[in-house]
Amino acid sequence: MDVYEDFTARTVAALKSLDLVDEQGTPLSAERLDTIVVEPPRDPDHGDLATNAAMVLAKPLGMKPRDLATRLALVLEADDDVASVEVAGPGFINLRLYPAFWHQILADILNEGSRFGQSTGGNGEAVNVEFVSANPTGPMHVGHCRGAVVGDAIAGLLALIGFAVTREYYINDAGVQIDTLARSAHLRYREALGEDIGTIPAGLYPGDYLVPLGQALKAEFGDTLLAMDETQWLPLVRDRAIDAMMELIREDLSALGIVHDVFSSERALQAEGRDRVAEAIDTLRARDLVYVGNLPPPKGRKPDDWEDREQTLFRSTDFGDDSDRALLKSDGSYTYFAADIAYHYDKHLRGFHKMIDVLGADHGGYAKRMKAAVTAISGGSSELEVQFCQLVKLFRAGEPVTMSKRSGEFVTLREVVDEVGSDAVRFMMLYRKADAPLDFDFQAVTEQSKDNPVFYVQYAHARSQSVRRQAAGEASGEIAEIDLDPANLMARDLSALRDSDEQNLIRLLAQWPRIVRIATGVREPHRIAYYLYEVAGAFHALWNKGKELPHFRFINVEEMTTTFARLALVTAVGIVIRSGLAVLGVDAPDEMR
């Protein structure tokens, strides 16, 4: 159960019981009531829950906030679960709930297990989350890593609340960069045949990752490619280079625990007998959204290569963009933007009316034009969201790390994962808001300390399982019988959890559904990482308290009622941390060495 949604509903019911009307004599609308929020108070000393109901509704009702809060408080006080209500400040309402309510929430967590925090809010609606979509010209670098993890976590959150999620990778396998890849591979092919190729020419890809591809081309073609003109060998090498690079990319993503459901090809949009780009442009043209005209030069200094000419343009400004956008180049070929419209049109035709693209920060100017295009091409029935990921800077003990022999230009995703592990990479990539720059220090993420968040959270889960193993071990010693099944623990007397730290931990665990709901709504998986760190801190503190004060230990054979209650709390901690780490794609170890 989501405590905060539950008490929002109770607050709305309390308001309706007051038969309030606005100055026109109209009852409060659903839209007005939707502005009510029930949340944890900023200061836990103020109570268990706080609501802004009086603050947001007083003005439309023509009342003073404190007057409305006082009337509402009288109704809320009659709730069987509410111990006290306080009107604070200009009209906020703070509620304290009886301990028995929180004990029941603990029982609910044990009863629901991994289902705790899940919901059906998505109603099975199809949503397409496209992320990574790196050009298939080499191994993935650490910048791709962040987008991959963020996209995967957003998809995981959406699935948790009931959306039918498709994870998609868009292969940019058309354009100049792919021909450059093919020429680079051909150079390595010549090298495999024994030619001294010397220094890799500027403009080609220098990384050692192309050496195996050159050898594979030799094994398949022998020396026959040498006798061909470039127009003959280029398409052959290009196809094999794309396949090889995509296999490399899939392996890199797999090392990070990421599996896409769909790989879509840019080239396939214009495959023989099917030109989705032309189809998309014709669809826009039929809606009078394509015209031939001239664009003004970019704001500021006119570029030296600026060409004032008639172009085929999309009326992007009709949908909130800053400028109309070109669909055809001067040579008559499609622009990148036209191909991107066709790709999203294809997603629309596949039944995705909700699309999310996770992009690097260098695509900042892309969002407005692409959102405009999706609205236009779908007739307003599909919606695109764009989530941005900022750059990642690598450090080792505070010193920058910038180069990789394997790539020749950058540190690869695989090198980072191989050194520190997938769990550390995924958690730390999510431990900061995606649109904020991230510093990743190899040394810091492998330390076994509170300052290393991934270790701190995983250790909390391992510690919870250690307590359960210890209890099971005691069952064969001083304790005659102990059943650690959650169904048994939830049926025990949980009222023994009277200590303030124990009760605060229960309240914190109860926030999990709310955290999931908010993180999903704003597409911010870092909120999950922050929350897990907070839960881990509260649990470690309780464990340390028992270490210092024996009567606070989780297992006390002299007081089995309290022992069972505390084992119920420990088990619930494990359930919530395990669920949260699963969303982040991070392992929840039962023990750590």
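Return only the number of the condition from (1) surrounded by fewer than 19 Cβ atoms within 10 Å (Cβ to Cβ); (2) at positive phi that Tyr98 does not satisfy.
The one condition Tyr98 does not meet is (2).
With respect to Asn135, determine if the residue is surrounded by 21 or more Cβ atoms within 10 Å (Cβ to Cβ) and not in a helix (DSSP H, G or I).
no
Considering every residue within region 58-74, establish whether at least one is outside any helix (DSSP H, G or I), within 25 Å of Arg514 (Cβ to Cβ) and either open to solvent by less than 40 Å² (accessible area, probe 1.4 Å) or modelled with pLDDT of 95 or more (or both). Don't jump to the end; show me each part of the working.
Of the residues in region 58-74, the ones outside any helix (DSSP H, G or I) are 62-64.
Okay, now just the ones that are also within 25 Å of Arg514 (Cβ to Cβ), so none.
Within region 58-74, not a single residue is outside any helix (DSSP H, G or I), within 25 Å of Arg514 (Cβ to Cβ) and either open to solvent by less than 40 Å² (accessible area, probe 1.4 Å) or modelled with pLDDT of 95 or more (or both).
In region 524-532, is there at least one residue being within 25 Å of Leu497 (Cβ to Cβ) and in contact with a strand residue (DSSP E or B) (Cβ under 8 Å, 6 or more places away or on another chain)?
no
Considering region 17-27 alone, what residues qualify as being surrounded by 13 or more Cβ atoms within 10 Å (Cβ to Cβ) and within 22 Å of Asp79 (Cα to Cα)?
Leu18, Leu20
Restricting to region 334-365, and then to whatever is within 20 Å of Glu524 (Cα to Cα) and open to solvent by 20 Å² or more (accessible area, probe 1.4 Å), can you tell me which residue is modelled with the highest pLDDT?
For region 334-365, the residue satisfying everything is Lys354.
Can you run down the residue pairs with Cβ atoms below 9 Å, 6 or more apart or on separate chains, where the first is in region 296-313 and at pLDDT 80 or above and in a loop (DSSP other than H, G, I, E, B) and the partner is open to solvent by 100 Å² or more (accessible area, probe 1.4 Å) and among the acidic types (Asp, Glu)?
Listed by first residue and then by second, the contacts come to Pro296/Asp308.
With respect to Val142, determine if the residue is open to solvent by less than 50 Å² (accessible area, probe 1.4 Å), modelled with pLDDT of 95 or more and touching a strand residue (DSSP E or B) at 6+ places or on another chain (Cβ under 7 Å).
No.
Name the single residue, out of those in region 405-421 being touching a helix residue (DSSP H, G or I) at 6+ places or on another chain (Cβ under 6 Å) and open to solvent by less than 30 Å² (accessible area, probe 1.4 Å), that is modelled with the lowest pLDDT. Talk me through it step by step, then tell me what you get.
Keep residues of region 405-421 that are touching a helix residue (DSSP H, G or I) at 6+ places or on another chain (Cβ under 6 Å), which gives 406, 411, 413-414, 416-417, 420.
Among the residues that remain, those that are also open to solvent by less than 30 Å² (accessible area, probe 1.4 Å) are: 411, 413, 416-417, 420.
Numbers: Val411: 86, Leu413: 91, Val416: 93, Val417: 95, Val420: 95.
If we take residues in region 405-421 being touching a helix residue (DSSP H, G or I) at 6+ places or on another chain (Cβ under 6 Å) and open to solvent by less than 30 Å² (accessible area, probe 1.4 Å), then Val411 is modelled with the lowest pLDDT.
If a residue counts only when it is within 16 Å of His144 (Cβ to Cβ), which helices (runs of 4 or more DSSP H) contained entirely in region 322-425 have at least 1 such residues? First the steps, then the outcome.
Details: elements: 336-349, 366-377, 413-420.
Where helices (runs of 4 or more DSSP H) fall fully within region 322-425 and carry at least 1 residues being within 16 Å of His144 (Cβ to Cβ), they are 413-420.
Of everything in region 75-95, what is surrounded by fewer than 18 Cβ atoms within 10 Å (Cβ to Cβ), under 16 Å from Asp45 (Cβ atoms) and not hydroxyl-bearing (Ser, Thr, Tyr)? Give them in sequence order.
Ala83, Glu86, Ala88, Gly89
Of a type in the set (A, V, I, L, M), surrounded by fewer than 14 Cβ atoms within 10 Å (Cβ to Cβ) and modelled with pLDDT of 95 or more, is that true of Val165?
no
Within region 483-502, can one find any residue that is small (Gly, Ala, Ser), outside any helix (DSSP H, G or I) and either out of contact with any Gly (no Cβ under 8 Å at 6 or more places or on another chain) or open to solvent by 30 Å² or more (accessible area, probe 1.4 Å) (or both)? Steps first, answer last, please.
As a first pass, look at region 483-502 and keep what is small (Gly, Ala, Ser): 487, 491, 495-496, 500.
Restricting the remaining residues to those that are outside any helix (DSSP H, G or I) gives 491.
Adding the requirement that they be either out of contact with any Gly (no Cβ under 8 Å at 6 or more places or on another chain) or open to solvent by 30 Å² or more (accessible area, probe 1.4 Å) (or both) leaves 491.
Yes, region 483-502 contains a residue that is small (Gly, Ala, Ser), outside any helix (DSSP H, G or I) and either out of contact with any Gly (no Cβ under 8 Å at 6 or more places or on another chain) or open to solvent by 30 Å² or more (accessible area, probe 1.4 Å) (or both).
Closer than 16 Å to Thr137 by Cβ, touching a residue at least 12 places away in the same chain (Cβ under 8 Å) and loosely packed, with under 11 Cβ neighbours inside 10 Å - does that describe any residue in region 186-201?
Looking for residues that are closer than 16 Å to Thr137 by Cβ, touching a residue at least 12 places away in the same chain (Cβ under 8 Å) and loosely packed, with under 11 Cβ neighbours inside 10 Å, one finds none in region 186-201, hence no.
Only one of Ala462, Ala471, Ala424 is at pLDDT 95 or above and closer than 30 Å to Phe552 by Cα; which?
Ala462
Within region 576-593, count every residue that is within 20 Å of Ala510 (Cα to Cα) and either modelled with pLDDT under 95 or touching a Gly at 6+ places or on another chain (Cβ under 6 Å) (or both).
Total meeting the criteria: 2.
The values are calculated or read from the model by the stated rules, or taken from the named source; none is laboratory data. Given the structure is predicted, the values throughout are model-derived calculations rather than measurements. Note that we place each Cβ from the backbone using ideal geometry, even for glycine, and neighbour counts take in every protein chain shown. The accessibility values were calculated without ligands, DNA or RNA, using every heavy atom of the protein model including side chains. Shrake-Rupley method; radii C 1.70, N 1.55, O 1.52, S 1.80 Å.
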